[in-house]
Amino acid sequence: MIRRMLPGAFAAAVFVLPLVVAGPAAAEEAAQTIVIKDHKFEPATVEVPAGKRVKLVIDNRDGTPEEFESKDLRREKVIPGNSKGSVWVGPLPKGEYAFVGEFHEDTAKGRLIAK
């Protein structure tokens with residue numbers, strides 16, 4: 001009888017354990033969308049929780065590519081026109097972090113504030 005129960009118990013552990021382990025980590029991660037439109041970031045100021053890992057979703061609504069770049073965050077990523085890309089940052093200490101659109105630095109400027 002125990003041998004018959006073991007495969008079922010093993011299968012349950014295989015499927016349930018990853019949910020338990022991944023659950024808290026997924027809940028701690030945050031996502032923030034930044035839109036590129038007319039070679040500007042919207043919003044230009046983004047607030048994120050300090051001490052948390054954050055996914056920045058860059059939604060480029062312009063027809064041309066843009067490079068999300070931040071020396072403060074040590075991140076850069078080219079986002080093709082009319083597409084989205086993701087950049088992970090953090091966990092960050094409280095503070096302000098500048099970012100630019102390297103292909104249009106005169107207009108594409110922003111800052112991330114970790115609170």
> Can you pull the three principal axis extents for the Cα set of the range 30-114, in Å, largest first?
Replying inline: 35, 22, 19
> Residues of the range 69-93 with amide nitrogen under 20 Å from the 7 Å Cα-to-Cβ point of residue 44?
Replying inline: 69-73
> In a shell of Cβ-Cβ distance under 13 Å around residue 105, excluding residue 105 itself, what net charge do Lys and Arg (+1) and Asp and Glu (-1) give?
Replying inline: -3
> Contour minus end-to-end for residue 94 and residue 64, with contour as 0.36 nm per residue of separation and end-to-end as the Cα-Cα distance?
Replying inline: 7.5 nm
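Readers should treat all values here as calculations from the given coordinates under stated rules, not as data from a laboratory. Note that this is a predicted model, so its numbers are computed, not measured. Every residue, glycine among them, receives a Cβ derived from its backbone with ideal geometry; neighbour counts consider all protein chains shown.
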